[in-house]
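The values are calculated or read from the model by the stated rules, or taken from the named source; none is laboratory data. The structure presented is a predicted model; accordingly, all values stated were derived computationally and were not measured. Glycine also receives a Cβ, built like all others from the backbone with ideal geometry; neighbour counts cover every protein chain displayed. Keep in mind that these areas ignore ligands, DNA and RNA; they rest on the heavy atoms of the full protein, side chains included. Shrake-Rupley method; radii C 1.70, N 1.55, O 1.52, S 1.80 Å.
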Amino acid sequence: MNPPPGGIHQRLSLRLASALDAAATSGLTVVEVMGVRLPEGSVFIPDVMVASADAVLANRSGILDPSAVALVIEIVSPGSRTLDRFTKPTVYARAGIANFWRVELDDGPLIVTYRLEQGQYVETGSARPGETLTVDTPFPFTIDPVALKP
């Protein structure tokens, strides 16, 4: 079992979820600490997730099917580097989740975005503080990672 995330991780997660929630389009919502059921029968709990609003509001188990999930975001912690950088993206891709973002805290935050293409994630963009990240999926969103600093 990994130790719980530290304060910087938690503040960044909250700020990112809030910024995404403010930009979310109809039919999608942003949640933290909700699980996604994976093909191997396991469950991962992404730091931030964008999913179908209907699926989230109807859910009672705290675990969504991957078909309801549009984006998962992992914030890399010292105790979960390998899991967040390698294992989770591979498993999320196998589950068919269309978008994955990784947020690195060291020298950042750095946001790296990926889109699922032919069963694997392809990097679509990245930004450090002072740079602008703009994506169009799962909805239009622009951010300078400096806004995420605690």
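For residue 10, the criteria (1) open to solvent by 30 Å² or more (accessible area, probe 1.4 Å); (2) within 20 Å of residue 79 (Cα to Cα); (3) in a loop (DSSP other than H, G, I, E, B) hold in every case but one, which is (3).
Applying the selection to segment 106-124, what residues are at pLDDT 95 or above and on the phi > 0 side of the Ramachandran plot? Matches in segment 106-124: 118, 119.
Mind checking which residues of segment 86-105 are hydrophobic (A, V, I, L, M, F, W, C), more than 17 Å from residue 40 (Cα to Cα) and open to solvent by less than 40 Å² (accessible area, probe 1.4 Å)? Matches in segment 86-105: 100, 101, 103.
Residue by residue, here is whether (1) part of a loop (DSSP other than H, G, I, E, B); (2) surrounded by 18 or more Cβ atoms within 10 Å (Cβ to Cβ) holds:
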| position | (1), (2) |
| --- | --- |
| 51 | no, yes |
| 107 | yes, no |
| 114 | no, yes |
| 139 | yes, no |
| 146 | no, no |
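Could you check, for segment 70-79, whether at least one of its residues is closer than 20 Å to residue 139 by Cβ and among the polar types (S, T, N, Q)? For segment 70-79, residues closer than 20 Å to residue 139 by Cβ and among the polar types (S, T, N, Q): absent. Residues that are at pLDDT 95 or above and in a loop (DSSP other than H, G, I, E, B) within segment 69-105 comprise 96, 97, 98, listed in sequence order. Residues that are open to solvent by 30 Å² or more (accessible area, probe 1.4 Å), touching a residue at least 40 places away in the same chain (Cβ under 8 Å) and either part of a helix (DSSP H, G or I) or closer than 24 Å to residue 105 by Cβ (or both) within segment 25-46 comprise just one, 44.
Here is a yes/no grid of residues against (1) surrounded by 14 or more Cβ atoms within 10 Å (Cβ to Cβ); (2) under 16 Å from the mean Cα position of the chain (by Cα); (3) more than 19 Å from residue 13 (Cβ to Cβ):
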site: 66; (1), (2), (3): yes, yes, yes
site: 84; (1), (2), (3): yes, yes, no
site: 126; (1), (2), (3): yes, yes, no
site: 150; (1), (2), (3): no, no, no
